[in-house]
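Written out below as structure tokens is the structure these notes cover.
Rule-based calculations on the coordinates, nothing more; no lab input. Note that this is a predicted model, so its numbers are computed, not measured. Note that we place each Cβ from the backbone using ideal geometry, even for glycine, and neighbour counts take in every protein chain shown.
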Amino acid sequence: MINIKIIAGSSRPGRFNIQPANWIFELANNRESVNAELLDLKEIDLPFLDEEKSPMSGEYSKEHTLEWSEKIKEADGFVFVTPEYNHSFSPVLKNAIDFLYNEWNYKPASFISYGSLAGGARAVEHLRGVAGEIKMYDLRDQILIPNYWNGLNESGEYQFNENQEQEAEALLDNLVFWADKMKDIRAELN
């Protein structure tokens, strides 16, 4: 089994973020070879980085960091779901990433972003730089959801279209392929 973690990268009240996170989680969970888990940063509720030592040391003193470390360590790959705030990704997502280092290494990542006209593209560009610094393999695959509010029905539920479904399946195909291939490599490198 390939362990894929879907990271819902917003904790804002009334957030849209959980809708695409749940959507990609359900699609991933429908695959026989995938064990998907949704990691909702609103529910995980990490404090602002409060470890004394650098995460590169792997020495954690706080229970919440140890729990977060275990969740990320068991992953073979990730889908980051992020809003775009002021041309970048959310602070809660940056904080969650910065808590750890080694646990992220040599794992592939794909992205779903949303926002106004650019659909969160600038947020993911910043996120790709961070992913590279923590030795992640950022895949080209990305699903952009521009002006997401135009796709909401009367109940506030986003209506994913057929093109987005196809993009999501292709994103997951590529992510699962690389997550599987990188398992052995990761064992050699760690």
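With contributions of -39500 (n - 2.57) from each DSSP H run of at least four residues, the per-residue ellipticity at 222 nm computed over the chain stands at -12500 deg cm²/dmol. The stretch between residue 98 and residue 70 holds 8.6 nm of extra length on full extension. This uses 0.36 nm per residue minus the Cα-Cα distance.
With the dipole of the range 48-120 worked out from charges on the C-beta (+1 for Lys and Arg, -1 for Asp and Glu) around the Cα centre, which of 109, 66, 55 lies farthest toward the positive end? Positive-end residue among those listed: 109. Extension gain for residue 29-residue 170 works out to 49.3 nm (0.36 nm per residue, less the C-alpha to C-alpha distance). Summing charges over all other residues whose Cβ lies under 12 Å from the Cβ of residue 124, with Lys and Arg as +1 and Asp and Glu as -1, gives -1.
Compared with the direct C-alpha span, the chain from residue 140 to residue 37 gains 34.9 nm at full extension, assuming 0.36 nm per residue. Over all other residues within a Cβ to Cβ distance under 14 Å of residue 48, the charged ones net out to -3, with Lys and Arg as +1 and Asp and Glu as -1.
Between the helical axis of 121-133 and the longest alpha-carbon principal axis of the chain there is an angle of about 10 degrees. Distance between the pseudo-spin-label points of residue 87 and residue 22 (7 Å out from Cα toward the beta carbon): 3.4 nm. Ranking 4, 82, 16 by Cα position along the charge dipole of the chain, where only Lys, Arg, Asp and Glu carry charges on their C-beta atoms, puts 82 farthest toward the positive end. When restricted to Cα atoms, the chain yields an Rg and a Dmax of 15.9, 52 Å, respectively.
Once each part is reduced to its C-alpha centroid, what is the distance from the range 129-145 to the range 1-23 in angstrom? When both Cα centres are located, 16 Å separates them.
Across the range 1-66, Cα-Cα pairs more than 13 Å apart make up 69 percent of the total.
A simple packing score, the average count of other Cβ atoms within 10 Å per residue, orders the peptides 174-180, 65-71 as 174-180, 65-71, with the highest score first. Computed about the Cα centre, the dipole magnitude for the chain is approximately 440 debye when only Lys and Arg (+1) and Asp and Glu (-1) carry charge, each at its Cβ. Could you check which residue among 169, 52, 84 shows the biggest mean-square fluctuation in a GNM of the chain with a 10 Å Cα cutoff? Maximum among the listed residues: 52. Compute the angle between helix 162-189 and the longest alpha-carbon principal axis of the chain, please, reported from 0 to 90 degrees and rounded to the nearest 10. The two axes meet at around 10 degrees.
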